[in-house]
1. Considering only protein heavy atoms, what per residue accessible area in square angstrom results for region 135-208 with a 1.4 angstrom probe?
2. Averaged per residue, what accessible area in Å² does region 11-131 show with a 1.4 Å probe, protein chains only?
3. Can you give the Kirkwood hydrodynamic radius for region 21-136, in Å, rounded to one decimal and based on Cα pairs?
4. Over region 100-195, how many percent of alpha carbon pairs lie in each 10 Å bin up to the one with the longest distance?
5. Within region 161-214, report the GluC sites (Glu not before Pro) that DSSP leaves as loop and that have at most 14 other Cβ atoms within 10 Å.
6. May I ask you to derive the relative contact order of region 41-170, considering only C-alpha pairs under 8 Å and at least 6 residues apart, and to give it as an integer percent?
7. Along Cα→Cβ, 7 Å out, is where each label goes; now give me the distance between the ones at Leu110 and Ser185 in nm to one decimal.
8. Could you list the GluC sites (Glu not before Pro) in region 4-59 that lie in coil according to DSSP, counting only those with at most 10 other Cβ atoms within 10 Å of their Cβ?
Amino acid sequence: MSDLQGKTPEEVWEMLGEKIEIDFSSQVEEHLHIDVVQIGLEGNGTCLILDSRPVIVVPRTDNWFRQVFAIAHEIGHIANDTTIKRDDEITVQERGANRFAADLLMPKGLIEGLFGKQIAAVRIAQFVWDRGISVAALANRISKFEYEIPNFLLEDDKTIATQKFLGEHLQEIGLTWEDVQRRASLSGAQRFPTHVLAALYEQVNRGKAPAGTYEWALGVKNTTVTEEESTLKHPESLSSYDVMELLEL
């Protein structure tokens, strides 16, 4: 049973230190004790319970806000105790996880606070960056609480691209494009927790896992194995479930 089970979005926010850090995956591991894996993955993500420890698996993407929401969604499944899907309840479970993620990242009170004062683009830009969200997600949340979406969040009858909107206000909120690229590179990188990589490396050295598996997890060519060993298996053919089973966490 996870320490998160039964927690509210407000309680999880406190556990996170009341902020969303640029390296959200590491923050979740440190504060919530949930392993986070970032790989080339079809779909929006999944959550596994291995040896009583939650493991969130999400797609690599340079759109960090999608990854943040995907992780928050899976946190919602853990908190709601819906990591084991029931076919007759999937829709309800998914809606519950989405609602948890939205309440965690964009709570009603903060949205009301933003619109209880004079709306300024720079305040919204700061909010988008600080909460790790997209302009589109914020616009949906604004509409849910029956506020009018500000014109500066719209372009050609749709929401403006998040990166473009932030780019227009970077200096005002004390950021540079380097900050944006750092966030994008972190969310776009192949990532395994270091203890997971260590366990996998040990399995490879003991001959219990293909040498190519470690290369695939690390995301680079492992020079400690021979070329012949590297070609015995094709890492890209392994699913996240295959890798997790090899680890025997």
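1. 59 Å²
2. 46 Å²
3. Evaluated on region 21-136, it is 15.2 Å.
4. All Cα pairs considered, the percentages come to 14, 45, 30, 9, 2.
5. Those satisfying the criteria are Glu168, Glu172.
6. The normalised contact order for region 41-170 reaches 18 percent.
7. Going by the 7 Å Cα→Cβ label model, 2.6 nm.
8. Filter output for region 4-59: Glu18, Glu42.
The values are calculated or read from the model by the stated rules, or taken from the named source; none is laboratory data. Computed from a predicted structure; not experimentally measured. As a convention, Cβ positions derive from the backbone with ideal geometry for all residues, glycine included, and neighbour counts pool all protein chains shown. Just so you know, the surface numbers come from the protein's heavy atoms only, side chains and all, with ligands and any DNA or RNA stripped out. Shrake-Rupley method; radii C 1.70, N 1.55, O 1.52, S 1.80 Å.
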